[in-house]
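Novice: Quick one: the structure is below, questions incoming.
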Amino acid sequence: MKNRLSASLVKRIQLLKKEKNAVILAHFYQVPEIQDIADFVGDSLGLAQQALQTKADIIVFAGVHFMAETAKILNPAKKVLIPDMNAGCSLADSCPPDKFRKFKQKYPGHVVISYINCSAKIKTMSDVICTSTNAVKIVESFARDQKIIFAPDKNLGGYINALTGRNMILWDGSCEVHDVIKTEAVIKLKAAHPDAKLIAHPECKAVILELADYVGSTTGLLKYTMTSVDKKFIVATETGILHQMKKASPEKEFLIVPSDETCSCNDCPYMKMNTMEKLHACLLNEQPELILSKSMIDKARKPIMRMLELSE
Ligand code: 13P
Ligand code: SF4
């Protein structure tokens, strides 16, 4: 019965998509059914690039609020829908604009590089945006003596400082999903599976990144598992990415580092607010729609476009 219902939901979403010339962009942390019905599944950089290229009239963004905002900023004339408007991001929320403005004032002469996981308002206060895929490239595009503020993720910023030998000033923000991944849980899994490679997202704490065999964005992690000769991976990021990993390498084994003792999962509560039912309703009603003022779009567009040009 449940299968019949979900099959008809899939069909109805596909029909609406065609009828309305809509495109569904989904992040790797979405539930498997949403990833499977999407026209494009990717990381933050890939999704921003797709949003810029699409010829569709409507963009349905199956991800979190800051990602849908980025799509709207890149496509002011298009309708951008998000299945659940409350799908926020703890990392973006860890950087309130009024506090960040005061923080910036303390460091005159610094350029601001902001991780894409921030609000549109923070983007308007930034010189250039980066994602976990291109952060090194963006930072290295500045002269070595250029003073830099990096916001909002202290873990990614610290990792980039270590990789590049820079001394960027870091905003004290973090992701509640990655920052809580426990070192003891990683060590325990590594001890139980000595044949496994540990792969981690750079939003994890420094101690976990130091233990990792590979650190990368969600796309980076996926590609690593596809090209590696290894057969087993301990994955320190959100559970959603396992769907594509298992699809691409069904013969390999993936162990997610659990967020607590009660499950073998590590879910982002915001990403998981989107469901197939909400996706269907949002296509049908063309609501909730993401709206931003023209001045916000104009100001936030500049640092995003600068990132996209530097990423080519
Ligand atoms: P990626 O750009 O690596 O997909 O990261 C997005 C994100 O929100 C990680 O928590
Ligand atoms: Fe934000 Fe963390 Fe969820 Fe990514 S995993 S969307 S950074 S709360």
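Novice: Only four residue types carry charge here, +1 at the Cβ of Lys and Arg and -1 at the Cβ of Asp and Glu. Report the dipole size of segment 240-305 about the Cα centre in Debye, rounded to the nearest 20. Walk me through the numbers on the way to the answer.
Specialist: Numbers: 9 positive and 9 negative charges, 95 e Å.
Computed charge dipole of segment 240-305: roughly 460 debye.
Novice: Compute the length gained on full extension between residue 295 and residue 40: take 0.36 nm times their separation in residues and subtract their Cα-Cα distance, giving the result in nm to one decimal. Each step should come with its number before you reach the end.
Specialist: Values: separation 255, 0.36 × 255 = 91.80 nm, distance 2.91 nm.
Roughly 88.9 nm would be gained on extension.
Novice: Hey, another quick one. What shape does segment 239-283 take by its C-alpha gyration tensor, where a ≥ b ≥ c are the square roots of the eigenvalues and a/c under 1.5 counts as rounded, a/b above b/c as prolate, and the rest as oblate?
Specialist: On the way: a/c = 3.89, a/b = 1.42, b/c = 2.75.
Since a/c reaches 1.5 but b/c is at least a/b, the shape of segment 239-283 is classed as oblate.
Novice: Computing the accessible area with a 1.4 Å probe over protein heavy atoms, can you report the carbon and sulfur percentage for the chain? Let's see the in-between values first.
Specialist: Numbers: 7660 of 13960 Å².
Here it works out to 55 percent.
Novice: Could I ask something else about it? With springs only between Cα atoms under 10 Å apart, run a GNM on the chain and tell me which of 183, 225, 262 wobbles the most.
Specialist: Looking only at 183, 225, 262, the biggest GNM fluctuation is shown by 262.
Novice: Here's something else I'd like to know. Which cross-chain or sequence-distant (5 or more) residues have an amide H under 5 Å from the amide H of residue 256, H modelled 1.01 Å from N in plane?
Specialist: 235
Novice: Projecting each Cα onto the charge dipole of the chain (Lys/Arg +1, Asp/Glu -1 at the beta carbon, about the Cα centre), which of 303, 169, 156 comes out farthest on the positive side?
Specialist: 303
Novice: Out of 261, 253, 286, any idea which swings most in a Gaussian network model of the chain, alpha carbons joined below 10 Å?
Specialist: With Cα springs under 10 Å in the chain, the top fluctuation among 261, 253, 286 is at 261.
Novice: Which listed residue (237, 24, 216) has the Cα farthest towards the positive end of the charge dipole for the chain, taking +1 on Lys and Arg C-beta and -1 on Asp and Glu C-beta about the Cα centre?
Specialist: 24
Novice: Ok, one more. So how much slack lies between residue 277 and residue 183, counting 0.36 nm per residue of separation and subtracting their Cα-Cα distance, in nm? Spell out each step's value before the answer.
Specialist: Working: separation 94, 0.36 × 94 = 33.84 nm, distance 3.65 nm.
That pair, residue 277 and residue 183, stretches by 30.2 nm at full extension.
Novice: Each residue of segment 187-203 in turn: what ³J(HN,Hα) in whole Hz from Karplus with 6.51, -1.76, 1.60 and θ = phi - 60°, glycine and Pro shown as x?
Specialist: 3J(HN,Hα) across segment 187-203, in whole Hz: 4, 4, 5, 5, 5, 6, 10, x, 8, 9, 8, 8, 10, 9, 7, x, 7.
Novice: Is the shape of the chain best called rounded, prolate or oblate, per the rule: a/c under 1.5 gives rounded, else a/b larger than b/c gives prolate, else oblate, with a ≥ b ≥ c the square roots of the Cα gyration tensor eigenvalues?
Specialist: On the way: a/c = 1.86, a/b = 1.06, b/c = 1.75.
Taking the square roots of the gyration eigenvalues as a ≥ b ≥ c, the chain is oblate.
Novice: At what distance in nm do the modelled label points of residue 260 and residue 19 sit from each other, each positioned 7 Å from its Cα along Cα→Cβ?
Specialist: Each label point is offset 7 Å from its Cα along the Cβ direction, giving 4.2 nm.
Novice: With a Förster radius of 22 Å, plug the Cβ-Cβ distance of residue 223 and residue 311 into 1/(1 + (r/R0)^6) and report the FRET value to the nearest 0.05.
Specialist: Numbers: r = 16 Å, r/R0 = 0.73.
Taking R0 as 22 Å, the efficiency between residue 223 and residue 311 is 0.85.
Novice: What are the residues whose amide H is under 5 Å from the amide H of residue 112, where those residues sit 5 or more places off or on another chain and H is modelled from the backbone?
Specialist: Sorted by chain and number, the residues that satisfy this are 127, 128, 149.
Novice: Do you know the relative contact order of the chain, to the nearest whole percent, from alpha carbon pairs under 8 angstrom that are 6+ apart? Intermediate values should be presented prior to the final figure.
Specialist: Details: 597 pairs, mean separation 68.2, N = 312.
Once divided by the residue count of the chain, the mean separation gives 22 percent.
Novice: Rounded to whole Hz and in sequence order, give me ³J(HN,Hα) for segment 84-95 from the Karplus expression 6.51 cos²θ - 1.76 cosθ + 1.60, θ = phi - 60°, writing x for Gly and Pro.
Specialist: 9, 5, 7, 6, x, 7, 5, 5, 4, 5, 6, 10
Novice: Using each residue's phi in segment 67-73, evaluate 6.51 cos²θ - 1.76 cosθ + 1.60 at θ = phi - 60° and report the 3J(HN,Hα) Karplus result to the nearest Hz, with x for Gly and Pro.
Specialist: Karplus values, whole Hz, x for Gly and Pro: 6, 5, 4, 4, 4, 5, 4.
The values are calculated or read from the model by the stated rules, or taken from the named source; none is laboratory data. Please read these numbers as outputs of a predicted model, since none were measured by experiment. Note that each Cβ is placed from the backbone with ideal geometry, even for glycine, and that neighbours are counted across all protein chains shown. Ligands, DNA and RNA are excluded from the accessible area calculation, which covers all protein heavy atoms including side chains. Shrake-Rupley method; radii C 1.70, N 1.55, O 1.52, S 1.80 Å.
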